[in-house]
Amino acid sequence: MHASRRSDANFAIKGLTYIVFVLLAIFTLIPFYSMFIMGTYDSYRLFEFDGLPSNYLSANWKTVMKVPEMGDFFTNSLIVSAVAVSLGVLICTACGYGLAKFSFKGRDSLNRLVLFTMMVPYQLGLVAYVWEMRVLHLNDTLVPTILPSLCLGFGVFWMTQYIRDTVPTEIMESARIDAAGEVRIFFNIIFPIISPAIVTLGLLIFIWSWNSFLVPLLTINDVHKYTLPLGVTLFNGLYSTDNGAKILAISLSTLPVILVYVLFSNKLISGLTAGAVKG
Amino acid sequence: MNSSKYGYLFVSPFFIFLFCFSLVPILFTLFVSFMNWDQFENMHFIGLKNYIDVLQGGLFFKSLYNTLLIMAISLPVSLVLSLGLAFLINEKMTKMSSFFRTAFFLPYITTPVAVGVLFSLLFNYQLGFINILLQKSGLLGEPIYWMAKPVYVVSIVALIVVWKSFGYNMILYLAGLQTIPHELYEAAEIDGANLWRRFLAITLPMLRPISLFVIVTTVIWGLQIFDEPALLMVGTDSSSSISNTLGGPEKSVYTLVSYVYEEGFVLFRPGRSAAVAYLMTLVIVVASWMSIRFVNRGQKA
């Protein structure tokens, strides 16, 4: 009797919990759903929006493609993300490996420096960074947008923790006895062991660099060098009254990052939580 | 020893980049904050004048207030929501299907610029989904002009922050919960502790470290908010430029970073922009420290 009352109560809580979860999933997904659906509407008929797709997708697509640089925006964003991910992961992993597995003079200070850069907001050096890029004639290139991904204190901190916890030093020692070079040990032995962390860090850098807005806004004037977030802003201004086309443009700009996320979300989330609990 | 040489080899690329493109700008910004500089040849030392001007100008405290207000509305909602959900999942009240997990986390990865534009369209006066929904359901006679009133705009930005952060925080809490040994809960259940008692007596105290991480990262991230409010307001006038509509009605969503941006890159006063950036960092350091104190209150070290 007592037990059944308790299981009744549990059953009620379970039911309520499920409803809450469904409602929250609706709250989370409705903006995305309406974004993709509104892109199929003629702007003049958006007020008839009833949640179902309309027939104006191809016309909106043509409007979006009227901006001749639209292809450049995609290419530029892809270049930024590809370079940022490959170099960022390599540099952070190498540094984390060095800090975790080698002892040398000044290592503790370098560890503290990494922690310090993690806590400092990136806007702190913004004024001087933009000026520095101009002095180095890197304005109107994609370099200023890529560089912050190569100075990621978070990435180094995270890799240091991960390598310290998962890579046994004996593996390196036995490889050394086999007379493998240090660089080869790093690429051929360490990299495969820590591949889960590499995937997670790579995904994070991809997302961050793809979404980066303020730095390209301040360093790129040439429309041909715009990344997608800037392109969206430009399109937003050019077609400020054509909401159907505008929303299709932002759908397209977020689609790559959403696709990558949906494909790898399990790896990203499990990697993130593993890092957070340790850190 | 040979090993240390390779240690330097592995760490040096990162620290070279960090030095050139992060530390040098940060230190040069500090230097600039004491200067009157036109970004070209003319630069002279003016001591603390930039800081004094900024602190006396009123806009700094306005932007600080706005940023803190957005945080004060959204942070408690996000934390209660994320911790509650994580707890219910951990208590096996529902299955954490990968669908929910993927869905709740999705806003976190979405381009902030797109989020700003999207929400400005959802809350559009004539064509926005929200007004249409409210009117069709009979809750509203006349459509609301959301972008005109500070209270609405601040609420919408706070809503975006909750929408964006609760899934991320939930996943961190869930990871923290999984480190709590299950015997603790079983013992409490045998003693007859109900769900709420178990939450107060076991979950909350055991989660202290992860709460610290969640609160500090959310505060640091929240104090840097810029993209979403800036893009939310673009297009509410006839221009397309971010600077024209920066801050929205009565500058109600004019954040700390908006101030750094406007001084440095709209008004071209790098000295003042640098001073604002350093004051903002000071605020972030103090806020992080206070969060740490808050989470660890009553705990003797």
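The values are calculated or read from the model by the stated rules, or taken from the named source; none is laboratory data. Note that this is a predicted model, so its numbers are computed, not measured. With ideal geometry, Cβ positions are generated from the backbone for all residues, glycine too; neighbour counts draw on all protein chains shown. Heavy atoms of the whole protein, side chains included, go into the accessibility calculation; ligands, DNA and RNA do not. Shrake-Rupley method; radii C 1.70, N 1.55, O 1.52, S 1.80 Å.
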Among helices (runs of 4 or more DSSP H) lying entirely in segment A:153-219, which contain 3 or more residues that are more than 13 Å from chain B (Cβ to nearest Cβ) and more than 27 Å from the chain's Cα centre (by Cα)?
-> A:169-177
All but one of (1) more than 9 Å from chain A (Cβ to nearest Cβ); (2) over 30 Å from B:Gln126 (Cβ atoms); (3) β-branched (Val, Ile, Thr) hold for B:Val153, so report the exception by its number.
-> (2)
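Given the criteria surrounded by 15 or more Cβ atoms within 10 Å (Cβ to Cβ), in a helix (DSSP H, G or I) and among the polar types (S, T, N, Q), does A:Ser86 qualify?
Numbers: surrounded by 15 or more Cβ atoms within 10 Å (Cβ to Cβ): no; in a helix (DSSP H, G or I): yes; among the polar types (S, T, N, Q): yes.
No, not satisfied.
Determine if segment A:118-135 includes at least one residue that is at pLDDT below 90, in the same structural domain as A:Val80 (by TED's automatic domain parsing), assigned to a helix (DSSP H, G or I) and farther than 17 Å from B:Ile26 by Cβ. Before the answer, list the steps.
We begin by selecting, within segment A:118-135, every residue at pLDDT below 90; these are A:118-123.
Still in the list and also in the same structural domain as A:Val80 (by TED's automatic domain parsing): A:118-123.
Checking which are assigned to a helix (DSSP H, G or I) leaves us with A:118-119, A:122-123.
Those still in the list that are farther than 17 Å from B:Ile26 by Cβ too: none.
Within segment A:118-135, not a single residue is at pLDDT below 90, in the same structural domain as A:Val80 (by TED's automatic domain parsing), assigned to a helix (DSSP H, G or I) and farther than 17 Å from B:Ile26 by Cβ.
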Residues located in segment B:146-161, provided they are of a type outside the set (Phe, Trp, Tyr), in a helix (DSSP H, G or I) and more than 14 Å from B:Thr217 (Cα to Cα) = B:Met147, B:Ala148, B:Pro150, B:Val151, B:Val153, B:Val154, B:Ser155, B:Ile156, B:Val157, B:Ala158, B:Leu159, B:Ile160
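What are the residues in segment A:6-26 that are open to solvent by 30 Å² or more (accessible area, probe 1.4 Å) and either at the interface with chain B (Cβ under 7 Å from one of its Cβ atoms) or not hydrophobic (A, V, I, L, M, F, W, C) (or both), if any? Spell out how you get there, then give the answer.
Looking only at segment A:6-26, we keep the residues that are open to solvent by 30 Å² or more (accessible area, probe 1.4 Å), and these are A:6-16, A:18-20, A:22-23, A:26.
Matches in segment A:6-26: A:Arg6, A:Ser7, A:Asp8, A:Asn10, A:Ile13, A:Lys14, A:Gly15, A:Tyr18.
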When you look at B:Asp38, is it surrounded by 15 or more Cβ atoms within 10 Å (Cβ to Cβ), at pLDDT below 95 and more than 7 Å from chain A (Cβ to nearest Cβ), yes or no?
-> no
Within segment B:254-279, track down each residue that is more than 9 Å from chain A (Cβ to nearest Cβ), closer than 22 Å to B:Met233 by Cα and free of Cβ contacts under 8 Å to residues at least 40 places away in the same chain.
-> B:Glu262, B:Val266, B:Leu267
A:Gly98 versus (1) crowded, with 18+ Cβ neighbours inside 10 Å; (2) in contact (Cβ under 8 Å) with a residue 12 or more places away in the chain: which is the lone unmet condition?
-> (2)
Scanning for something without any contact (Cβ under 8 Å) to a residue 12 or more places away in the chain and aliphatic (A, V, I, L, M), does segment B:98-111 turn up at least one residue?
-> yes
Enumerate the helices (runs of 4 or more DSSP H) found wholly within segment B:30-126, keeping only those where 3 or more residues are closer than 30 Å to A:Thr254 by Cβ.
-> B:59-90, B:98-109, B:112-122
Taking segment B:159-206 on its own, how many of its residues are open to solvent by 10 Å² or more (accessible area, probe 1.4 Å), of a type outside the set (S, T, N, Q) and more than 30 Å from A:Tyr261 (Cβ to Cβ)?
-> 23
Sort out which residues of segment B:125-146 are facing chain A (nearest Cβ under 9 Å), of a type outside the set (A, V, I, L, M, F, W, C) and either without any contact (Cβ under 8 Å) to a residue 12 or more places away in the chain or surrounded by fewer than 20 Cβ atoms within 10 Å (Cβ to Cβ) (or both), and write them in order of number.
-> B:Gln126, B:Lys136
Exactly one condition in (1) in a helix (DSSP H, G or I); (2) at pLDDT 85 or above; (3) more than 10 Å from chain A (Cβ to nearest Cβ) is not met by B:Arg198; state its number.
-> (2)
Filtering segment A:220-251 down to residues that are part of a loop (DSSP other than H, G, I, E, B) and open to solvent by 10 Å² or more (accessible area, probe 1.4 Å), which residue is farthest from the other protein chains (Cβ to nearest Cβ)?
-> A:Asp222
Filtering segment A:108-129 down to residues that are open to solvent by 10 Å² or more (accessible area, probe 1.4 Å) and either under 19 Å from the mean Cα position of the chain (by Cα) or within 9 Å of another protein chain (Cβ to nearest Cβ) (or both) yields A:Leu110, A:Leu113, A:Thr117, A:Met118, A:Met119, A:Val120, A:Tyr122, A:Tyr129
If A:Thr273 passes every condition in (1) within 11 Å of chain B (Cβ to nearest Cβ); (2) in contact (Cβ under 8 Å) with a residue 60 or more places away in the chain but one, which one does it miss?
-> (2)
Some residue of segment B:100-120 being more than 11 Å from chain A (Cβ to nearest Cβ), surrounded by 22 or more Cβ atoms within 10 Å (Cβ to Cβ) and more than 17 Å from the chain's Cα centre (by Cα) = no
